[in-house]
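See structure below.
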Amino acid sequence: MRHSVILKKASLVGAFFVSLLCVDLAQAFCPHRADLVQVAVRQVVDGDTVRLVDGRSIRLIGINAPELGRKGRSDEPFAVQSKRRLQALVDASDGRVGLLYGEQRKDRYGRTLAHLYDRQGRNLEAQLLGEGLGFMVAVAPNSALVSCQAEAERLARRQRLGVWRTEQVKTAGQLNGGGFALLGGRVTGVQRNRGGLWLDLDGGRVLRVAPELLGEFDVRALQRLEGRRVEARGWVIDRQSRGGLKSGQARWMLPLTHSAMLEVLP
């Protein structure tokens, strides 16, 4: 019994140092910004949102943290851990963070969009992503750090840290509601019209690139994807629940907000 306890402790210690190694590697990809003016944080709302003492709500760019339970819903896995980790990072920075604003300053909820940095100039989104406490997201035009943040997530995914301890990619038939999701599948058709470019996936799902975002993508490459396996991420819309589903249309639509939200698989 004692031997098994020792082994268990050793395993936990090993996992801890693997996590630290991943975080250090992730930080190496995102440039430090110790030149930013530091502002005081009043509250960490969740794993991707903080409120400043001046009243502004800041939505972190490049990460979507698991959702905390609201209105009777349960917390998503690792939602509490994500919030606590962000709180610890802010506390370690004396409650102050540097802000690097996005090219688009506000989201539709009125929150300020910015990257957060600690007093050493380290990017906090990369830190969280490197520990598996959120998903990399890219929404044009706020994509300045998409490459390094994607690399931070890849490190955590390879090590199966945090959210990556379980399979996150949904296949056909696994969707039961809207919201953020990773979708895997095969492209069964590609079409372009006034509504943008559409990639049909098996299982009644479709990916859409809006006309105003086509410049963010290699359109010719997208048009050659029929038959290829892909992995897409973003906020799924249940068109049936909105009453806008026409005959022959896919029920589930995922708008692609940046080329980094779509990966073509081997």
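Those strands (runs of 3 or more DSSP E) of the range 198-266 in which 2 or more residues are modelled with pLDDT under 95 occupy 229-238. If the condition is being within 20 Å of the chain's Cα centre (by Cα), farther than 21 Å from ARG251 by Cα and of a type outside the set (D, E, K, R), then the range 184-234 contributes LEU213, PHE217.
The residue that is surrounded by the fewest Cβ atoms within 10 Å (Cβ to Cβ), counting only those in the range 64-92 that are touching a residue at least 40 places away in the same chain (Cβ under 8 Å) and within 20 Å of GLN38 (Cβ to Cβ), is GLN87.
Just to be sure, is VAL139 open to solvent by less than 50 Å² (accessible area, probe 1.4 Å), closer than 30 Å to VAL90 by Cα and among the β-branched types (Val, Ile, Thr)? Walk me through how you get there before you give the answer.
Details: open to solvent by less than 50 Å² (accessible area, probe 1.4 Å): no; closer than 30 Å to VAL90 by Cα: yes; among the β-branched types (Val, Ile, Thr): yes.
In short, no.
Of the residues making up the range 96-130, those that are in a loop (DSSP other than H, G, I, E, B) and open to solvent by 20 Å² or more (accessible area, probe 1.4 Å) are ASP107, ARG108, TYR109, GLY110, ARG111, ARG119, GLN120, ARG122.
Tell me the residue from LEU100, LEU21 that is over 20 Å from the mean Cα position of the chain (by Cα) and either farther than 21 Å from ARG154 by Cβ or modelled with pLDDT under 95 (or both), please.
Matching residue, one of LEU100, LEU21: LEU21.
Is one or more of the residues making up the range 81-98 of a type in the set (Lys, Arg), over 29 Å from GLY184 (Cβ atoms) and not assigned by the TED database to the domain that holds GLY184? Yes, that holds for at least one residue.
Give the residues of the range 170-187 that are free of Cβ contacts under 8 Å to residues at least 40 places away in the same chain and buried (at least 16 other Cβ atoms within 10 Å of the Cβ), sorted by residue number.
Hit for the range 170-187 is LYS170, nothing else.
Table: residues versus (1) under 17 Å from ILE63 (Cβ atoms); (2) open to solvent by less than 20 Å² (accessible area, probe 1.4 Å).
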residue	(1), (2)
CYS148	yes, yes
GLN168	yes, no
GLN191	no, no
ASP200	no, no
ARG208	no, no
GLU216	no, no
ARG233	yes, yes
VAL236	no, yes
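Conditions (1) in contact (Cβ under 8 Å) with a residue 12 or more places away in the chain; (2) closer than 25 Å to SER82 by Cα, marked per residue:
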{"position": "GLY189", "(1), (2)": "yes, no"}
{"position": "LEU207", "(1), (2)": "yes, no"}
{"position": "ARG228", "(1), (2)": "yes, no"}
{"position": "LYS246", "(1), (2)": "no, no"}
{"position": "MET261", "(1), (2)": "yes, yes"}
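The values are calculated or read from the model by the stated rules, or taken from the named source; none is laboratory data. Everything numeric here is computed off the predicted structure, so don't read it as measured data. Virtual Cβ from ideal backbone geometry, glycine too; neighbours counted across all protein chains shown. Each accessible area value is taken on the protein alone, full model and side chains, heavy atoms only, with ligands, DNA and RNA left out. Shrake-Rupley method; radii C 1.70, N 1.55, O 1.52, S 1.80 Å.
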